Each structure stands twice: as C-alpha cells, then as structure tokens.
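Participant: There's a structure below that I have some questions on.
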Amino acid sequence: MDPRPTSLMQPALAAALLAVVASCAPGEPSADAAFDTLAERCAGQDAGIEVPEGFCAVLVADGVTGARHIDVAPNGDVFVARRNTATGPSRTRVPGGVTVLRDSDGDGLADIREAWGENGGNDVILADGAVYFAPNDAVLRYPFEAGALRPAGPPDTLVSGLPDSRNHTAKSIALGDDGALYVNIGSPSNACMREARTAGSPGLDPCPELETRAGIWRFAGDATGRTQADGTRFATGLRNVVALRVNPADGGLYGVVHGRDQLDTMWPDVFDVEDNTEMPSEEFVRITEGSDFGWPYCFHDPRTGQKLLAPEYGGDGSEVGRCADKDMPLIAFPAHWAPNDLEFYTGEQFPERYHGGAFIAFHGSWNRAPNPQEGFQVVFAPASGMGFGPAWETFADGFRNEMDPDDHSRPVGVAMGPDGSLYVSDSVQGRIWRIMYVGS
C-alpha cells in the first residue's frame, strides 16, 4: 500500500488520543485530559481557514519555505517535502529537500525544525523504515530510524535521469502493495502544439511527448540505479497527475489530473471566455494498467460528460471522434483548479460518512480570467459503493485572503494522522494545519 502514518504529537499524547478514539464514538465528550486540552485549544483558535461544523483547525507550523507534500511519522514528526526556491534581487537559489517538524512539548505546535537534503522536490513518503523523496529528476530512498530527525545515511537512488525540462516537472510517487513504485511524469507542454502556446498552431500527431511523459511509469520492486527505460509506461494520456495515491481499500492507483489551459486564447474561433472558464474538467480517475485518458488529443467537457476532440486535432467544440474510447473520470471537478494531492480517509475520528472517502487539495486557478479565479480549497469525495462520485463537497476553504493578497495560502499537500486528524500544507506561506473533529 501507500502508507501515510501520521500525527503531530509526542508519542505519549498520540497514544492517549488513539485510546480515546478507540473507546469513544467520534465527537463524544472524552474524560481524557490530553484530548480535552487539544480539542479546547483547537475549538478556540482562529487558524484562518473554514471547516465544517463540528470540526476545527489549528495552525501547527508556519514559514516552511517551499512546502509541498507532507507525511508524518508514528511519533508525531511531520515530514515536509520542499521545492527549490529563489530569494533576493539576484534570485539566489535556495535548495529545498526535506524538513522534519517536531512538537517537543506536546502543545500541538512544532518547535523543532531539522532540514536536510541537497535538492528540492515535491513528494515524501514514509514506509518500511525509509523516507522516499522525489526531486524533479529522481526518486531517492533514505534509511531512517524511528524517532530520528535526520537520515541514518546517504540515500539510495532508486531511479535517476527522469525528464525535468520545461513544464510540469514535479514528480509524485506512490507505493503499491506489491512493492511497485509508481511515478507521475507530467507533460512538458499545454497541448503538444507544434509551436507551444501559439494561437492556431496544430498539434503534433502522434504526440512525441507521450513516449516519455504525460503518464504514469511503474518500476517493479525496490532495486536501485534504474532509469526511466527500466520502468514500464503503466498509463498514458495524463497531462499531469500531481495528486497520486494508492487506495488502501482496494489497492488501486488513483489520481487527479491537471487539465489543459487556454482554449479561448489559442482557438478564439471555436471557444469563448466562458468555455475556457468551464472546460476542461480536472479529472479524478482510477488508473489501471493500459489506461489512456486521451491527452493531448482529447479533453473532458463537464457540461456534456463527454471526452471531446481537442481543437489542435481538428475538434470543433462538440466533436467526439477518436475520443470515444478514452478512459473517463470518476468525478469531473471544475476547470483550472489545479489538484495537487490526494488522501484516502482510513481513520475513525471523523464521522462515519467520511470513512473510505477521498480528500483532494486544490492549489487554485490562474486561467479562469477575466472571471474570478477559484479553487484554493480542500474537497471531500465520499466513497460510493465500490467507487467514488459523482458527489463531492468543499471541506476546507478560506485559504485565499481576498482582503490581503499578501496573505494568500494555496493548499498543496494533504495527509491523515493516526488519530484520524487531517493535515494540510500550503505552498505560499509554508503553513501546516491540523483539522480535528470535536463534535457539534
């Protein structure tokens, strides 16, 4: 599976909370002083985001520069993947890596920070006594001892030389229950046009990018020293799947796909501003071996529920054509919301309706102008029978401060703690929140 062992508490406090959760229905008053103290603090703090009734949020860390995906160790240490950043007038490079956050006094706030790694990346996973970290061109595995703040030694390089030029260079990873490593390799372009982002430029057919990008690659086992050629293209036609996860309930691989941009500016004779605002969908998908979701030849129209032929390949805004047999989404989310992480809820703290459902962190849009930009939220998709959809709802909102543009946050990572709390990271201010259920 793709484990996400989590909690931002010291071991004793974590154990106390786990005991409470095991003995009480979610939301029932607890006699445990530690749980009551945390719940009281959580309910009384304005963490700056909006959550549903019965939930509350605490800000557990701020200023973690370049924060991306997160994971948390069983002892409560929060692991944050950090991208490379630039600072100052000269744009001096500041290398990212991994930052470990520790709450040493049990108050829920991280007061110790330990940073390591020589290069930034997008994803971090704790599993089997190791920390898996994904820079833009590789997948590394660090040996890690329980309770440590730093690796026990240098990393093993599982895969190197992954494509990292042009666009969509962030790598997301997932671990299968058979030991396989799955890696998202995003497309380098918007729509595989002959002249990138040039109005009226036709698409390359066949699109050469599909040979090495715009798909999920699978690497068997945990051997080291591999390149992309040692893996197999597990699925294709996926423009960029930053949100990638194995669902513990069924062992299946799932993702949420970034759709293409600029339908109206590239093809104004076919699409108008309103078309571009609403199309294409951001697709929540189940990814099986051999899946083909159609990019760049096709995109999903949420208004008709069909995959349409892209204008670069002769589409007129309604033609299906060669897209009739492409794989379809489980849920079609609004256009340009930028899905960046996915977590399946396997905890017990939240009410039963959340059990088995999926939380998705949306980074927010840039391509809906002149209409308002949207997204910037965490949504919840309840499990439905053996799958998901089409229902979904906003779970956490208010990250974008309309009154203060300098105080915006953008959700980028989401992870579940062992007590069932949900953690959310922000890529702009470097904030980490913990969301708890405390009852109505």
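The values are calculated or read from the model by the stated rules, or taken from the named source; none is laboratory data. Please read all numbers here as calculations on a predicted model, not as lab measurements. We place every Cβ from the backbone using ideal geometry, glycine too, and count neighbours over all the protein chains shown. Note: areas computed on protein heavy atoms with side chains; ligands, DNA, RNA excluded. Shrake-Rupley method; radii C 1.70, N 1.55, O 1.52, S 1.80 Å.
Participant: I need a count of the residues in segment 398-440 that are farther than 22 Å from Asp77 by Cα and open to solvent by less than 50 Å² (accessible area, probe 1.4 Å).
Facilitator: So the answer is 8.
Participant: So for segment 296-308 (the condition being in contact (Cβ under 8 Å) with a residue 12 or more places away in the chain, open to solvent by 10 Å² or more (accessible area, probe 1.4 Å), of a type in the set (Ser, Thr, Tyr) and under 23 Å from Val424 (Cα atoms)), does at least one residue qualify?
Facilitator: no
Participant: Look through Asp327, Asp316 and report the one residue that is acidic (Asp, Glu), in contact with a Phe, Trp or Tyr (Cβ under 6 Å, 6 or more places away or on another chain), open to solvent by 10 Å² or more (accessible area, probe 1.4 Å) and part of a loop (DSSP other than H, G, I, E, B).
Facilitator: Result: Asp327 is the single residue among Asp327, Asp316 that is acidic (Asp, Glu), in contact with a Phe, Trp or Tyr (Cβ under 6 Å, 6 or more places away or on another chain), open to solvent by 10 Å² or more (accessible area, probe 1.4 Å) and part of a loop (DSSP other than H, G, I, E, B).
Participant: Separate question: Test Glu209 against the criterion of being open to solvent by 10 Å² or more (accessible area, probe 1.4 Å) and closer than 21 Å to Glu289 by Cβ, and give yes or no.
Facilitator: yes
Participant: When you look at Ala73, is it at pLDDT below 95, farther than 22 Å from Pro339 by Cβ and surrounded by 19 or more Cβ atoms within 10 Å (Cβ to Cβ), yes or no?
Facilitator: Here the answer is yes, as Ala73 does meet what is asked.
Participant: Across segment 151-191, what is the total count of residues that are of a type in the set (D, E, K, R) and loosely packed, with under 14 Cβ neighbours inside 10 Å?
Facilitator: Number satisfying all stated conditions: 3.
Participant: I'd like the residue in segment 112-138 that is open to solvent by 30 Å² or more (accessible area, probe 1.4 Å) and modelled with pLDDT of 95 or more and, out of all such residues, is nearest to Thr157 (Cα to Cα).
Facilitator: The residue in question is Asp137.
Participant: Test Pro280 against the criterion of being out of contact with any strand residue (DSSP E or B) (no Cβ under 6 Å at 6 or more places or on another chain), modelled with pLDDT of 95 or more and closer than 21 Å to Glu374 by Cβ, and give yes or no.
Facilitator: Considered against the rule, which asks whether it is out of contact with any strand residue (DSSP E or B) (no Cβ under 6 Å at 6 or more places or on another chain), modelled with pLDDT of 95 or more and closer than 21 Å to Glu374 by Cβ, Pro280 comes out as no.
Participant: Follow-up. Just one of (1) more than 25 Å from the chain's Cα centre (by Cα); (2) at pLDDT below 95 trips up Thr304, so point out which.
Facilitator: (2)
Participant: If the Cβ limit is 6 Å and pairs must be 6+ apart or interchain, which residue in segment 335-354 that is modelled with pLDDT of 95 or more pairs with which residue that is open to solvent by 20 Å² or more (accessible area, probe 1.4 Å) and among the charged types (D, E, K, R)?
Facilitator: Ala335/Glu278
Participant: Limited to segment 279-295, what total is found for residues that are over 25 Å from Val378 (Cα atoms) and crowded, with 23+ Cβ neighbours inside 10 Å?
Facilitator: Summing the residues that are over 25 Å from Val378 (Cα atoms) and crowded, with 23+ Cβ neighbours inside 10 Å in segment 279-295 gives 2.
Participant: Please state which one of Arg218, Arg141, Arg213 is of a type in the set (D, E, K, R), part of a strand (DSSP E or B), farther than 21 Å from Val64 by Cβ and in contact with a Ser or Thr (Cβ under 6 Å, 6 or more places away or on another chain).
Facilitator: One residue alone meets the criteria, Arg218.
Participant: A further question on this structure: Could you grab the pairs with beta carbons closer than 7 Å, sequence gap of 6+ or different chains, first residue in segment 386-397 and aliphatic (A, V, I, L, M), second one not in a strand (DSSP E or B)?
Facilitator: Partner pairs satisfying both residue conditions: Ala391/Pro382; Ala396/Ile49; Ala396/Val51.
Participant: Also: For residues that are over 29 Å from Arg286 (Cβ atoms) and either assigned to a strand (DSSP E or B) or of a type outside the set (A, V, I, L, M) (or both), tally how many sit in segment 389-416.
Facilitator: Total meeting the criteria: 10.
Participant: Considering only residues that are assigned to a loop (DSSP other than H, G, I, E, B), more than 14 Å from Pro339 (Cβ to Cβ) and either modelled with pLDDT of 90 or more or among the aliphatic types (A, V, I, L, M) (or both), which ones fall in segment 368-388? Show your work before the answer.
Facilitator: Taking segment 368-388 and keeping what is assigned to a loop (DSSP other than H, G, I, E, B), we get 368-376, 382, 385-386.
Right, trim to more than 14 Å from Pro339 (Cβ to Cβ) and you get 368-373, 382, 385-386.
Matches in segment 368-388: Arg368, Ala369, Pro370, Asn371, Pro372, Gln373, Pro382, Met386.
Participant: Okay, next question. Which of the residues spanning segment 311-326 are in contact (Cβ under 8 Å) with a residue 40 or more places away in the chain and in contact with a strand residue (DSSP E or B) (Cβ under 6 Å, 6 or more places away or on another chain)?
Facilitator: Within segment 311-326, Glu312, Tyr313, Gly315, Lys326 meet the criteria.
Participant: In the set Ala214, Ala191, which member is at positive phi, in contact with a strand residue (DSSP E or B) (Cβ under 8 Å, 6 or more places away or on another chain) and of a type in the set (A, V, I, L, M)?
Facilitator: Ala214
Participant: From the list Leu149, Leu158, Leu175, which residue is out of contact with any Gly (no Cβ under 7 Å at 6 or more places or on another chain), more than 17 Å from Arg218 (Cα to Cα), of a type outside the set (Gly, Ala, Ser) and in contact (Cβ under 8 Å) with a residue 40 or more places away in the chain?
Facilitator: None of the other options fit; the residue is Leu149.
Participant: Also: Residues in segment 86-108: is at least one under 30 Å from Met403 (Cα atoms), in contact (Cβ under 8 Å) with a residue 24 or more places away in the chain and surrounded by fewer than 14 Cβ atoms within 10 Å (Cβ to Cβ)?
Facilitator: Scanning segment 86-108, I find no residue that is under 30 Å from Met403 (Cα atoms), in contact (Cβ under 8 Å) with a residue 24 or more places away in the chain and surrounded by fewer than 14 Cβ atoms within 10 Å (Cβ to Cβ), so the answer is no.
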